[in-house]
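Please read the structure below before turning to the comments.
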Amino acid sequence: MSIATKIAWDDTVLPFQLDRSDIRGRVARLDGALDEILGQHEYPPAIEALVAEAAVLTALIGQTIKLRWKLSLQIRGDGPARLIATDYYGPTEEGAPARIRAYASYDADRLQAGGPAFPQIGKGYFAILIDQGQDMVPYQGITPIAGGSLRACAETYFAQSEQLPTRFALSFGRSREPGQPESWRAGGIMLQHMPEASPSVAGEATGEGGLLSHSDILDGDAQENWTRANVLLDTVEELELVGPSLAPSELLVRLFHEEAPRVFDAQTVKFGCTCSTDRVRQSLSIYSARDISHMTTDDGIVTADCQFCGAHYELDPATLGFEAEDHSDAAE
């Protein structure tokens, strides 16, 4: 693949459909966007790995849903990796990029620096939140942490909450091309069985912890098609997922040429944060003047830092909270 072609596929999500199998999917490549996400912080390697995995999952899942505004992933646990949070903002207009951001909260004293990443989440939950914007009721779906990866958690979520058999193949890490500095690259493929008009579950759930798995949802030809597509996906190599030697469209032909793959328009993705002074004020609007006084520094200001992008805000306490004297003259 040429340099120009590689750049064209950097930070993109390519939707596709396997017409023979009644399966839809996405191929994602993240490099510059992931570099910016992780470049905002100095995470230990285990936390970097969790954030990278969550970011790829978010790009794949977010593009699947026709969003007017935001999809979020939240992974909370009782281990040293307390929280992994991501947001995917749908394009604001035709042809515009989607935006993605992510951050983690962790207990450095409890973190096992050289240990595997996923077990450090501990027991907790995996949640997907969909906010379609003003005047729309937000949706939230939650499943327990299960499996040995965030990818497995997402697969369990779709089986349990949506009754949609779903499979992810992901790869991520630091790489260096000749003559270029080291940078993050990530890629993944998502397969999902097309929704049925009246999905049903037969018998007991056979997944971990009594949760549903794809075998509990599919049977007959649908089960056979799903199994065949997954066997083909099992042949993918990590380098093929992250590139840069193989374009996503070429990868689909290599994997699924017998399944009649059909591709649609690719969606570009970039790092983007929605924090602003107005949003900080809004988040503080629930507090009384007394509460605001406790937040005020010795210098007479209230400070706030965005956990996603690191932006720093300094505000006049007199303009904050529901007892603010005057919002109109607040400095931006």
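The values are calculated or read from the model by the stated rules, or taken from the named source; none is laboratory data. Predicted model only: the values in this text are computed from it and were never measured. Please note: Cβ atoms are built from the backbone with ideal geometry, for glycine as well, and neighbour counts cover all protein chains shown. Only protein heavy atoms, including side chains, enter the accessible area calculation; ligands, DNA and RNA are left aside. Shrake-Rupley method; radii C 1.70, N 1.55, O 1.52, S 1.80 Å.
Among the aliphatic types (A, V, I, L, M), out of contact with any Cys (no Cβ under 9 Å at 6 or more places or on another chain) and either crowded, with 17+ Cβ neighbours inside 10 Å or outside any strand (DSSP E or B) (or both), is that true of A113? If you could, list the steps in order and put the result at the bottom.
Values: among the aliphatic types (A, V, I, L, M): yes; out of contact with any Cys (no Cβ under 9 Å at 6 or more places or on another chain): yes; either crowded, with 17+ Cβ neighbours inside 10 Å or outside any strand (DSSP E or B) (or both): yes.
When the stated conditions are applied, A113 passes them.
In this structure, does R151 turn out to be more than 26 Å from T274 (Cβ to Cβ), among the basic types (K, R) and open to solvent by 30 Å² or more (accessible area, probe 1.4 Å)? Step through it out loud before you land on a result.
Working: more than 26 Å from T274 (Cβ to Cβ): yes; among the basic types (K, R): yes; open to solvent by 30 Å² or more (accessible area, probe 1.4 Å): yes.
Judged against the criteria, R151 is a match.
Go through segment 68-110 residue by residue and tally those that are open to solvent by less than 30 Å² (accessible area, probe 1.4 Å) and either under 14 Å from C273 (Cα atoms) or of a type in the set (K, R) (or both).
Result for segment 68-110: 13.
State yes or no: is F308 assigned to a loop (DSSP other than H, G, I, E, B), aromatic (F, W, Y) and surrounded by 12 or more Cβ atoms within 10 Å (Cβ to Cβ)?
On the way: assigned to a loop (DSSP other than H, G, I, E, B): yes; aromatic (F, W, Y): yes; surrounded by 12 or more Cβ atoms within 10 Å (Cβ to Cβ): yes.
So F308 passes the test.
Yes or no: segment 231-246 includes at least one residue that is modelled with pLDDT of 90 or more, small (G, A, S) and either assigned to a strand (DSSP E or B) or within 21 Å of A28 (Cβ to Cβ) (or both).
no
Output the number of residues of segment 187-205 satisfying the condition of being at pLDDT 85 or above and part of a loop (DSSP other than H, G, I, E, B).
Restricting attention to segment 187-205, the residues satisfying the condition of being at pLDDT 85 or above are 187-193.
Cutting the leftovers down to part of a loop (DSSP other than H, G, I, E, B) gives us none.
Qualifying residue count, segment 187-205: 0.
Would you check which residues across segment 39-52 are more than 24 Å from V236 (Cβ to Cβ) and open to solvent by less than 20 Å² (accessible area, probe 1.4 Å) and list them?
If the condition is that a residue be more than 24 Å from V236 (Cβ to Cβ) and open to solvent by less than 20 Å² (accessible area, probe 1.4 Å), then A46, I47 are the ones that fit.
Can you name the residue in segment 278-302 that is in contact with a strand residue (DSSP E or B) (Cβ under 6 Å, 6 or more places away or on another chain) and not in a strand (DSSP E or B) and, of all such residues, is surrounded by the most Cβ atoms within 10 Å (Cβ to Cβ)?
The selected residue is V280.
Looking at segment 122-186, what strands (runs of 3 or more DSSP E) fall wholly within it and have at least 3 residues that are modelled with pLDDT of 95 or more?
Numbers: elements: 124-131, 139-144, 166-175.
Ranges flagged: 124-131, 166-175.
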